[in-house]
1. Look through Gly166, Gly252 and report the one residue that is of a type outside the set (Lys, Arg) and over 19 Å from the mean Cα position of the chain (by Cα).
2. Do we have Arg219 as open to solvent by 20 Å² or more (accessible area, probe 1.4 Å), at pLDDT below 95 and over 25 Å from Cys317 (Cβ atoms) here?
3. Does the stretch 14-30 include one or more residues that are open to solvent by less than 20 Å² (accessible area, probe 1.4 Å) and within 18 Å of Asp201 (Cβ to Cβ)?
4. Of all residues in the stretch 268-282, how many are under 13 Å from Thr209 (Cα atoms) and open to solvent by less than 30 Å² (accessible area, probe 1.4 Å)?
5. In the stretch 44-56, is there at least one residue being touching a strand residue (DSSP E or B) at 6+ places or on another chain (Cβ under 8 Å), free of Cβ contacts under 8 Å to residues at least 60 places away in the same chain, open to solvent by 50 Å² or more (accessible area, probe 1.4 Å) and closer than 29 Å to Val233 by Cβ?
6. Out of the stretch 223-267, which residues are over 22 Å from Ser305 (Cα atoms), of a type in the set (A, V, I, L, M, F, W, C) and buried (at least 17 other Cβ atoms within 10 Å of the Cβ)?
7. Kindly list the number of the only condition in (1) open to solvent by 30 Å² or more (accessible area, probe 1.4 Å); (2) out of contact with any helix residue (DSSP H, G or I) (no Cβ under 8 Å at 6 or more places or on another chain) that fails for Ala211.
8. Mind counting the residues in the stretch 328-339 that are under 28 Å from the mean Cα position of the chain (by Cα) and open to solvent by 70 Å² or more (accessible area, probe 1.4 Å)?
Amino acid sequence: MPELPEVETVRAGLARRVLGRPVAAVEVRHPRAVRRQSGGADELAARLVGRSFTAAVRRGKYLWLTVGPGPHPDEALLAHLGMSGQLLVQEPPGSRAREARDGRDVLDLMHPAPVLAADGGPPMDLTAARLPTTVRDIPATTAHLRVRITFDDGGQLWFVDQRTFGHVMAVDTVPSGDGAPGGAGSDAPVLPEPVAHIARDLLDPDLDTVALVRRTRIRRTEVKRALLDQTLVSGVGNIYADEALWRARLHGTRRTDVLRPARLRALYDHAAAVMRDALAVGGTSFDALYVDVEGASGFFERSLSVYGLEGHPCKRCGTPIVRERFMNRSSHSCPQCQRER
């Protein structure tokens, strides 16, 4: 599943491209894409057609578009990308956005407006880091197109999912348990009901890091398990957990209850920093399955220090990186810099 930087990159693209465009039609091409919608394709269409998306919001790895106006204003289109889900914007022929794409006007297409930092900081200039030689065209084939949302102006929002692990669903929103904004891109203190249990993420300006450290120590668990626990802190997956632990010089099996609060605070600071670094270059793309809404890949793979680098020398000490089994997945670490205790 894409992690916070990848999902935030998609969220920012949706905020630029789909808000305020009335929905004319919803086509569900594969039932698994709406398997969590109680009324299936008919309910999804009924809750979206004739309405518009009003905000693109994210908390941790979860992404949603608020929907309005209508008889039920507290609604959202929640997208779970799974392992291979993509949200792609397809513009009609003759539109300014389509002309920019066809002309490879990369600067305008990639970043037509400043992208607001998820942590509330100043706008980030992603152009220099993400400027590709060409922008990947959205594939003409619709073999993996699962849901197509068509706007009044002819533009479309596609949910593409090769492995069909992801899904979309129109849901009600509820007040967040922490009583504060729903996440990046939103001022509303609400979350989609299915993800109301998800904790704040490390780029949330309202995150109480002191309380997070205290809750982490109380868990009495392995520190990597804590990083991956979305009910404790959201947004971190296997890639950025390994990278943060390497930066903090901690092995993932270290116990949270014996680590000093300062070490845990430093770990979370490293995790936030590595995700900001990844966000600045559009996230990590190991293959064509993760792209932004224009079909462009992220470039953080080039900056990874340990993840996926088994046998490569550690950038700090030169010791070969090792891969170990952890929670039915792989962990990567330096045996010299991150010793088990």
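The values are calculated or read from the model by the stated rules, or taken from the named source; none is laboratory data. On a predicted model such as this, the values are computed, not experimentally measured, just so you know. Heads up, the Cβs are rebuilt from the backbone with ideal geometry, glycines too, and the neighbour counts pull from every protein chain shown. Each accessible area value is taken on the protein alone, full model and side chains, heavy atoms only, with ligands, DNA and RNA left out. Shrake-Rupley method; radii C 1.70, N 1.55, O 1.52, S 1.80 Å.
1. The match here is Gly252.
2. Yes.
3. Yes - at least one qualifying residue is present in the stretch 14-30.
4. So the answer is 3.
5. There is at least one residue in the stretch 44-56 that is touching a strand residue (DSSP E or B) at 6+ places or on another chain (Cβ under 8 Å), free of Cβ contacts under 8 Å to residues at least 60 places away in the same chain, open to solvent by 50 Å² or more (accessible area, probe 1.4 Å) and closer than 29 Å to Val233 by Cβ.
6. Leu232, Val233, Leu259, listed by residue number.
7. In the conditions (1) open to solvent by 30 Å² or more (accessible area, probe 1.4 Å); (2) out of contact with any helix residue (DSSP H, G or I) (no Cβ under 8 Å at 6 or more places or on another chain), Ala211 misses (1) alone.
8. Residues in the stretch 328-339 being under 28 Å from the mean Cα position of the chain (by Cα) and open to solvent by 70 Å² or more (accessible area, probe 1.4 Å): 2 in total.
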